[in-house]
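Colleague: The structure is given below, and queries will be raised subsequently.
The values are calculated or read from the model by the stated rules, or taken from the named source; none is laboratory data. No experiment lies behind these values; they were computed from the predicted model shown. Here the Cβ positions follow ideal geometry from the backbone for every residue, glycine too, while neighbour counts run over all protein chains shown. Ligands, DNA and RNA are excluded from the accessible area calculation, which covers all protein heavy atoms including side chains. Shrake-Rupley method; radii C 1.70, N 1.55, O 1.52, S 1.80 Å.
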Amino acid sequence: MPLCVNKAVAGYSEASTDLEVSDHSLPAQHAVVVKPPSTAAYNMYHKRGRGCFKEDPYVFLSSGDPDWKMIMEYFGFQQDFPVGQLLTRTESGKKRNLYLSSRLARELVIRNGSNIKIINTGIRALSRCPLNKGTCPFRFSQEGVATLLPFVSMRLVSMTADDVKTLLQKPNPLLSDLSSQFSDSARHLSVGPVLLNYYPSNSQSDQAEEPLPGILQHSIHLSAWLAAKSCRLFVGRPDRYHYLVLLGMEPDIDQNLDTVSSSSHCDDNKEL
């Protein structure tokens with residue numbers, strides 16, 4: 001998925017997925033706060049913008065950020081992950097979402113964010129999951145799992161093609177309904193957010209019986225919450241239906257496959 005600044009606002013036409021910060025003038029040792037132009041200044045050039053929405057600042061994280069240290073340790077992020085390209089829209093208080101921008105988008109925002117009204121940038125990589133269970137308060141966002149996966153070494157669970165179908169069809173399947181491969185991979189993990197990974201080689205036995213649908217000939221990565229006896233995806237209903245159609249299955253439009261609120265996921269680690 002391309003990581004780019006809004007083209008219409010910033011005038012940048014080429015998307016970039018470069019996750020390496022090569023400009024040494026923009027280090028990640030210190031947080032960078034970029035405040036948007038004031039409403040008064042913006043209205044000077046846009047007379048129709050009297051009631052325009054005041055944008056929150058762009059705050060790029062530093063390598064010493066306490067939330068990032070917790071995330072890095074919990075999910076096993078590599079040391080070379082470009083933490084300086086993670087940003088939040090909260091200057092003080094708890095961070096709700098962390099967005100990952102490209103190197104060029106970061107430079108553009110830092111150098112021009114106070115002069116250009118930038119609506120949004122980056123992909124949502126991590127979202128806060130309110131809980132008090134001694135685990136990480138952030139989970140993977142489905143939007144950013146494919147980009148983050150190469151940098152993650154912990155909280156990874158392997159699944160088969162049948163597991164993919166079961167997890168997409170059932171809102172909260174029991175671990176006993178999933179494969180032994182899934183159970184073995186998740187047995188050593190504590191309750192909390194995980195990243196589920198399917199690779200075609202995981203289902204060679206299925207391939208012997210009948211050809212896999214096109215989508216299952218490629219890897220699939222899903223954000224989920226692992227509980228003591230069950231597992232639930234952090235994937236919205238439209239995306240679930242889309243996956244099921246690609247799998248050649250008829251989704252039941254009357255079935256409620258919506259993900260529950262994050263607080264509902266995390267408040268009860270016994271029944272989830």
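Colleague: How would you rank 184-192, 235-243, 79-87, highest first, on the average number of other Cβ atoms within 10 Å across their residues?
Modeller: Sorting 184-192, 235-243, 79-87 by mean packing, highest first, produces 79-87, 235-243, 184-192.
Colleague: Residues with beta-carbon under 13 Å from that of TYR99, excluding TYR99: net charge, scoring Lys, Arg +1 and Asp, Glu -1? Could you put the intermediate results ahead of the total?
Modeller: Values: positive: ARG89, LYS95, ARG96, ARG106, ARG124, ARG128; negative: ASP56, GLU143.
Net local charge, TYR99 excluded: +4.
Colleague: Considering only protein heavy atoms, what per residue accessible area in square angstrom results for the range 67-123 with a 1.4 angstrom probe?
Modeller: Details: 2520 Å² over 57 residues.
Here the residues of the range 67-123 average 44 Å² of exposed surface.
Colleague: I would also like to ask the following. May I ask you to order 96-107, 219-230 by the average number of other C-beta atoms within 10 Å around their residues, highest value first? Intermediate values should be presented prior to the final figure.
Modeller: Values: 96-107: 21.7, 219-230: 19.3.
Sorting 96-107, 219-230 by mean packing, highest first, produces 96-107, 219-230.
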